[in-house]
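Right, one structure below, let's go through it.
The values are calculated or read from the model by the stated rules, or taken from the named source; none is laboratory data. Since the model is a prediction, treat every value here as computed from it, not as a measurement. Note that each Cβ is placed from the backbone with ideal geometry, even for glycine, and that neighbours are counted across all protein chains shown. Surface accessibility is based on the protein's heavy atoms, side chains included, excluding ligands, DNA and RNA. Shrake-Rupley method; radii C 1.70, N 1.55, O 1.52, S 1.80 Å.
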Amino acid sequence: MIEGEKRKLLVVAHRGSSGSAPENTMAAFRMAIDEGVDMIELDVRMTRDFELVVYHDADLRRTTNGSGFIWEKTLDELKHLDAGSWYSPKFADERIPTLREVIDLLPANINLNIEIKSDGDVRRGIAFEDACIRVIREKGFAHRVLVSSFDHKFLRRFHKLDPAIRIGALYLPVRDAAKKPSTLERRLGASAFICSRTQLRKRFIADAHQHDIMVACYVVNTVRQLERMIRFGVDAVVTDFPRRIVRALNER
Ligand code: G3P
Ligand code: MG
């Protein structure tokens, strides 16, 4: 568990409050903070000049007015893009945030799930891992982050570089179907297991809890889905609509 977390169902804002504001923007993160989440999930990619930015896709087209790939652009070039208008004109001032900017926004009671997106980026070596560890340490956030990824090679390298920072394995059925959460823990050092709602199985929970591994499930956007997750006994739900999920939990 991350310091300060009690054993309760954690509410994690998926890309911020991404059902009500443009995903992975400061507006979405501010909203999630106001809505009372325990943790914020965001996606991180590395720019051409090795800066860490908060952005989901490899390509800029879906959620900005730019085009091309993140790793082809410098931070300065990315900062000129509009990352909010695609969602609504009222968010036209939103820019692609840096990881540092989001960390600086977080109050002491809200932790961070940094999901590393390395797909498509052909640069190899440990530059990405290094950049990530540098920012986390600089901000004194080692005890407040969970670093997750579908890229288990990244996680393994990352864990070797800094075993004190918690990591979470994202489950990919084509690759991981035969593996238990505890196998991933042994291989990667992962203390959290993260899968989608439809991928969740009772045996995952049983194995994970036997080995003190946290189970998080995405995306849980309705009260009905939440109730199913509670019956399963998951530890964290990742949602695009934190207000709805926090309210439902408070009313229980
Ligand atoms: O961490 C869960 C989730 O964020 C993984 O999928 O595509 O939304 O980053 P995606
Ligand atoms: Mg993500």
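So in segment 5-15, with the set limited to residues that are in a strand (DSSP E or B) and within 14 Å of ligand 2 (Cβ to nearest atom), which one is surrounded by the fewest Cβ atoms within 10 Å (Cβ to Cβ)? Walk me through how you get there before you give the answer.
Our first condition is that a residue be in a strand (DSSP E or B); within segment 5-15, this holds for 10-14.
Now restrict to residues that are within 14 Å of ligand 2 (Cβ to nearest atom): 12-14.
Values: 12: 26, 13: 31, 14: 28.
Residue satisfying both the conditions and the ranking: 12.
Might you let me know whether segment 206-219 holds any residue that is more than 16 Å from ligand 2 (Cβ to nearest atom) and under 23 Å from residue 102 (Cβ atoms)? Walk me through it before giving the result.
Looking only at segment 206-219, we keep the residues that are more than 16 Å from ligand 2 (Cβ to nearest atom), and these are 206-215.
If we keep only those that are under 23 Å from residue 102 (Cβ atoms) as well, we get 214.
Yes: one or more hits.
Suppose we filter segment 142-201 for residues that are of a type in the set (D, E, K, R) and more than 28 Å from residue 225 (Cβ to Cβ); how many remain?
7
Using the structure shown, decide if residue 165 is open to solvent by less than 60 Å² (accessible area, probe 1.4 Å), at pLDDT 95 or above and under 21 Å from residue 111 (Cα atoms).
For residue 165, the condition - open to solvent by less than 60 Å² (accessible area, probe 1.4 Å), at pLDDT 95 or above and under 21 Å from residue 111 (Cα atoms) - is met.
Please work out if residue 33 is surrounded by 14 or more Cβ atoms within 10 Å (Cβ to Cβ) and within 16 Å of ligand 1 (Cβ to nearest atom).
Numbers: surrounded by 14 or more Cβ atoms within 10 Å (Cβ to Cβ): yes; within 16 Å of ligand 1 (Cβ to nearest atom): no.
Answer is no for this residue.
This table checks each residue for (1) surrounded by 23 or more Cβ atoms within 10 Å (Cβ to Cβ); (2) of a type in the set (Phe, Trp, Tyr); (3) within 16 Å of ligand 2 (Cβ to nearest atom); (4) part of a strand (DSSP E or B).
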{"position": "17", "(1), (2), (3), (4)": "yes, no, yes, no"}
{"position": "20", "(1), (2), (3), (4)": "no, no, no, no"}
{"position": "29", "(1), (2), (3), (4)": "yes, yes, yes, no"}
{"position": "42", "(1), (2), (3), (4)": "yes, no, yes, yes"}
